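Below is one structure; the comments refer to it alone.
The values are calculated or read from the model by the stated rules, or taken from the named source; none is laboratory data. Note that the structure is predicted; figures quoted are calculated from it, not measured. When we count neighbours, we look across all protein chains shown, and the Cβ atoms used for this are built from the backbone with ideal geometry, even at glycine. Keep in mind that these areas ignore ligands, DNA and RNA; they rest on the heavy atoms of the full protein, side chains included. Shrake-Rupley method; radii C 1.70, N 1.55, O 1.52, S 1.80 Å.
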Number of protein chains: 2
Amino acid sequence: MNRIRETAIEADPRLPVIRTTRDFTATPEQLFRAHTDPALFARWVGPSAMTTRIEHWDARTGGSWRYVSERDGTEYWFHGCFHEVRPDRMVQTFTFEGDPEGVALETLWFQDLGGGRTRLRAQSLVDSFEGRDAMLRSGMEVGIDEGYAKLERMLIDDAA
Amino acid sequence: MNRIRETAIEADPRLPVIRTTRDFTATPEQLFRAHTDPALFARWVGPSAMTTRIEHWDARTGGSWRYVSERDGTEYWFHGCFHEVRPDRMVQTFTFEGDPEGVALETLWFQDLGGGRTRLRAQSLVDSFEGRDAMLRSGMEVGIDEGYAKLERMLIDDAA
């Protein structure tokens with residue numbers, strides 16, 4: 001297990017899977033809303049230096065999404081579909097359009113820890129170890145950790 | 001590799017993946033239509049003894065689907081979303097609602113062999129070897145092979 005700052009990020013030795021875990025001072029409902037409300041999602045997703053604009057967003061079971069993140073004038077487009085959206089679990093697909101043949105199946109779990117704390121677990125599954133390891137080398141870990149730090153601050157600010 | 005009748009079905013030793021391959025006397029366009037037109041799809045999908053009714057169908061990138069298959073008065077519901085629908089490749093998610101936590105990421109490729117022949121390759125990816133092997137034990141292989149036999153007859157009948 002590789003602990004970068006606050007987020008635990010683990011590459012499974014037997015499966016082409018990346019798992020991340022982070023605990024938040026928030027309820028499961030708040031975290032769920034931060035992942036389904038497009039205005040909230042755009043505020044925290046991605047590395048610190050990127051800004052994100054939602055192009056399409058329908059966070060329901062059977063819906064889909066597309067957004068663009070921008071840094072130094074370069075745009076990075078992403079899209080996918082929502083396989084399942086429910087308060088304790090979201091399952092969705094994910095493609096970075098710079099690598100259009102690549103697809104990840106992502107699962108998020110919102111686990112109530114009690115006392116206003118929630119564990120967010122995420123799993124990203126792809127169909128090769130090479131693809132998984134390339135995702136890790138691309139700076140994904142930093143992007144996740146910086147995004148989650150923004151999410152944490154947003155939850156604190158919006159509660160204040 | 002396990003060859004059952006006409007369909008090659010392979011469980012990957014390193015990945016929680018099932019791959020199937022079958023060649024059809026049809027063009028890529030005909031096979032693509034058989035996978036995207038709901039009336040055609042319902043005619044061939046699943047084991048011989050099952051009949052299928054489409055509940056919801058939007059075979060576009062970002063769309064979704066749900067259908068029910070019935071045998072001897074018992075209904076089996078399935079649903080998923082279409083991550084990508086394009087003439088040479090479809091990527092979609094798949095859940096059997098009797099196992100609602102299970103999700104597969106399915107990819108289909110329509111490969112033109114020339115001379116009116118097309119190779120259909122399919123890959124089903126899940127997040128555990130146990131889940132993959134349970135799918136194989138569930139009779140999935142027979143269902144795929146019988147479904148593809150119906151598809152082959154349908155393509156011949158509709159061309160006649």
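Below are the figures for this structure:
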quantity	calculated
Number of the exception - A:D99 against (1) modelled with pLDDT under 95; (2) surrounded by fewer than 14 Cβ atoms within 10 Å (Cβ to Cβ); (3) away from every other protein chain (no Cβ under 14 Å)	(3)
Residues of the stretch A:24-37 classified as open to solvent by 30 Å² or more (accessible area, probe 1.4 Å) and touching a residue at least 24 places away in the same chain (Cβ under 8 Å), total	5
Among the residues listed as B:R53, B:R60, B:R89, B:R19, the single one being among the basic types (K, R), more than 24 Å from B:S128 (Cα to Cα) and in contact (Cβ under 8 Å) with a residue 24 or more places away in the chain	B:R60
The listed residue being surrounded by fewer than 17 Cβ atoms within 10 Å (Cβ to Cβ), within 11 Å of chain A (Cβ to nearest Cβ) and under 20 Å from A:L125 (Cβ atoms), out of B:R14, B:R86	B:R14
Test: residue in the stretch B:102-113 that is surrounded by 17 or more Cβ atoms within 10 Å (Cβ to Cβ) and over 15 Å from the mean Cα position of the chain (by Cα)	no
Qualifying residue in the stretch B:52-63 (condition: farther than 25 Å from A:A59 by Cβ, crowded, with 17+ Cβ neighbours inside 10 Å and at pLDDT 95 or above)	yes
Spans of strands (runs of 3 or more DSSP E) in the stretch A:23-119 with at least 2 residues among the aromatic types (F, W, Y)	A:64-71, A:74-86, A:89-96, A:104-114
Qualifying residue in the stretch B:64-76 (condition: of a type outside the set (A, V, I, L, M, F, W, C), touching a residue at least 40 places away in the same chain (Cβ under 8 Å), surrounded by fewer than 16 Cβ atoms within 10 Å (Cβ to Cβ) and out of contact with any Lys or Arg (no Cβ under 8 Å at 6 or more places or on another chain))	no
Subset of the stretch B:121-142 that is out of contact with any strand residue (DSSP E or B) (no Cβ under 8 Å at 6 or more places or on another chain) and assigned to a helix (DSSP H, G or I) - its residue that is farthest from the other protein chains (Cβ to nearest Cβ)	B:G139
Residue check, B:T93 open to solvent by 20 Å² or more (accessible area, probe 1.4 Å) and at pLDDT 95 or above	no
Positions within the stretch B:1-16 being free of Cβ contacts under 8 Å to residues at least 40 places away in the same chain and over 14 Å from the mean Cα position of the chain (by Cα), in sequence order	B:M1, B:R3, B:E10, B:D12, B:P13, B:R14
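The rows are residues; the columns are (1) in contact (Cβ under 8 Å) with a residue 40 or more places away in the chain; (2) open to solvent by 30 Å² or more (accessible area, probe 1.4 Å); (3) closer than 30 Å to A:Q123 by Cβ.
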residue: B:G116; (1), (2), (3): yes, yes, no
residue: B:L120; (1), (2), (3): yes, no, yes
residue: B:Q123; (1), (2), (3): yes, no, yes
residue: B:D127; (1), (2), (3): yes, yes, yes
residue: B:L136; (1), (2), (3): yes, yes, yes
residue: B:M140; (1), (2), (3): yes, yes, yes
residue: B:D145; (1), (2), (3): yes, no, no
residue: B:Y148; (1), (2), (3): yes, no, no
